[in-house]
Amino acid sequence: MAGEILRGENLVKRFGGLVAVNEVSFEVKKGEIFGIIGPNGAGKTTLFNMISGVYKPDEGRIIYEGRDITNLKPHERARLGIARTHQVVKPFPGLTVLENIAVGALFGPRYGKISEDEALEIAREVASFVGLGDKIELPAGALNVQEKKRLELARALAAEPRLLLLDEVLAGLTPAEIDSMLGLLRKVRDEKGVTIMMVEHVMHAVMNIAERIMVLHFGRKIAEGPPEEIANNPDVIAVYLGDPSLALKFVKRRGGAS
Ligand SMILES: Nc1ncnc2c1ncn2[C@@H]1O[C@H](COP(=O)(O)OP(=O)(O)OP(=O)(O)O)[C@@H](O)[C@H]1O
Ligand SMILES: [Mg+2]
């Protein structure tokens, strides 16, 4: 596909008898915001773990920027510009916000070629970009939920990724905080040109921001398309959205304040 940054081909991941990801194929375009939704246990995080290199797929291939990365280690993929946030945020609580972000810079594509001072400089810029400019000297453990989510995003951004995998960055945020985070994510894509794949349970938010959405259910891909199409897809409604009127509401909210 022209303009493609990432492609998964027939990806399979098994845990014992359980097939957590089952023959999933997809393509993500450069500069796109690509959403992944699905009920708990659908295989979303497992898919991210295969893309970031935590798990090697049992079957299938992962092609990034035209190159087969299926057998690369996580740090090798990080150096190619793939960064991620974690569903459960665990900053180093004793390090300052600035130091936590700098860790991201040190272990990104410039690993071994960047000094600590340079990493701290990048961290400072990223901290203000994500709105943590006035918190950089605080220990990370002192941050509230929203700030920790921003820190997690900042750490990933400090690695100057070309592909960013976000695992539920909106979880636990208030509606106002979600709006503000969505604005920030748009800025990441528009100003930094980063391609974003996001796993999300906050349905109206992902419907609002993603250009295309893939739906997983028991490890299988059951639908993919623009948000309007997904919200009206009978299979998706049946397994996930449950209620057609709710699905309609998601579509109506697109573009408006959520
Ligand atoms: N390391 C593991 N060992 C065994 N089973 C696992 C492992 N990781 C995930 N699973 C199982 O694989 C399935 C998919 O899990 P996964 O975490 O990918 O789901 P998810 O879509 O991210 O769910 P959630 O929305 O709850 O985060 C689940 O049944 C889960 O219990
Ligand atoms: Mg998950």
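The values are calculated or read from the model by the stated rules, or taken from the named source; none is laboratory data. On a predicted model such as this, the values are computed, not experimentally measured, just so you know. Don't worry about glycine lacking a Cβ; one is built from the backbone with ideal geometry, like all the others, and counts go over all protein chains shown.
For segment 1-13, a tally of residues being surrounded by 15 or more Cβ atoms within 10 Å (Cβ to Cβ) and either over 14 Å from residue 41 (Cβ atoms) or β-branched (Val, Ile, Thr) (or both) returns 8. Against the numbered list (1) in a helix (DSSP H, G or I); (2) surrounded by fewer than 22 Cβ atoms within 10 Å (Cβ to Cβ), residue 41 comes up short only at (1). Report every pair of residues separated by at least 6 positions or lying on different chains whose Cβ atoms are under 7 Å apart, first residue within segment 19-41 and over 25 Å from residue 189 (Cβ atoms), second at pLDDT below 95 and within 15 Å of ligand 2 (Cβ to nearest atom). Going by the 7 Å Cβ cut-off, the qualifying pairs are 39/217; 39/240. The single condition among (1) touching a helix residue (DSSP H, G or I) at 6+ places or on another chain (Cβ under 6 Å); (2) within 28 Å of residue 29 (Cα to Cα) that residue 133 does not meet is (2).
Can you confirm whether residue 177 is modelled with pLDDT under 95, touching a helix residue (DSSP H, G or I) at 6+ places or on another chain (Cβ under 6 Å) and not aliphatic (A, V, I, L, M)? Considered against the rule, which asks whether it is modelled with pLDDT under 95, touching a helix residue (DSSP H, G or I) at 6+ places or on another chain (Cβ under 6 Å) and not aliphatic (A, V, I, L, M), residue 177 comes out as no. Of the listed requirements (1) assigned by TED's automatic domain parsing to the domain that holds residue 220; (2) within 16 Å of ligand 2 (Cβ to nearest atom); (3) at pLDDT 95 or above, residue 33 misses just one: (2). Do the conditions hold for residue 60, that is, is it touching a residue at least 60 places away in the same chain (Cβ under 8 Å) and at positive phi? For residue 60, the condition - touching a residue at least 60 places away in the same chain (Cβ under 8 Å) and at positive phi - is not met.
Which condition breaks for residue 23 when tested against (1) in a strand (DSSP E or B); (2) of a type outside the set (Phe, Trp, Tyr); (3) closer than 29 Å to residue 154 by Cβ? Against the list (1) in a strand (DSSP E or B); (2) of a type outside the set (Phe, Trp, Tyr); (3) closer than 29 Å to residue 154 by Cβ, residue 23 comes up short only on (3). Selection of first residues in segment 109-125 that are more than 16 Å from residue 78 (Cα to Cα) and of second residues that are at pLDDT below 90 and surrounded by 14 or more Cβ atoms within 10 Å (Cβ to Cβ), restricted to Cβ pairs under 9 Å at least 6 apart or on distinct chains, gives the following pairs, ordered by first then second residue: 118/110; 122/108; 122/110. With respect to (1) within 16 Å of ligand 1 (Cβ to nearest atom); (2) surrounded by 17 or more Cβ atoms within 10 Å (Cβ to Cβ), the lone exception for residue 103 is condition (1).
Filtered by the rule that a residue be within 16 Å of ligand 2 (Cβ to nearest atom) and among the polar types (S, T, N, Q), segment 47-74 gives 49, 52.
In this structure, is residue 44 within 16 Å of ligand 2 (Cβ to nearest atom), assigned by TED's automatic domain parsing to the domain that holds residue 229 and farther than 24 Å from residue 192 by Cα? Spelling it out, residue 44 is indeed within 16 Å of ligand 2 (Cβ to nearest atom), assigned by TED's automatic domain parsing to the domain that holds residue 229 and farther than 24 Å from residue 192 by Cα. Within segment 84-93, none of the residues are more than 20 Å from residue 206 (Cβ to Cβ) and of a type in the set (A, V, I, L, M).
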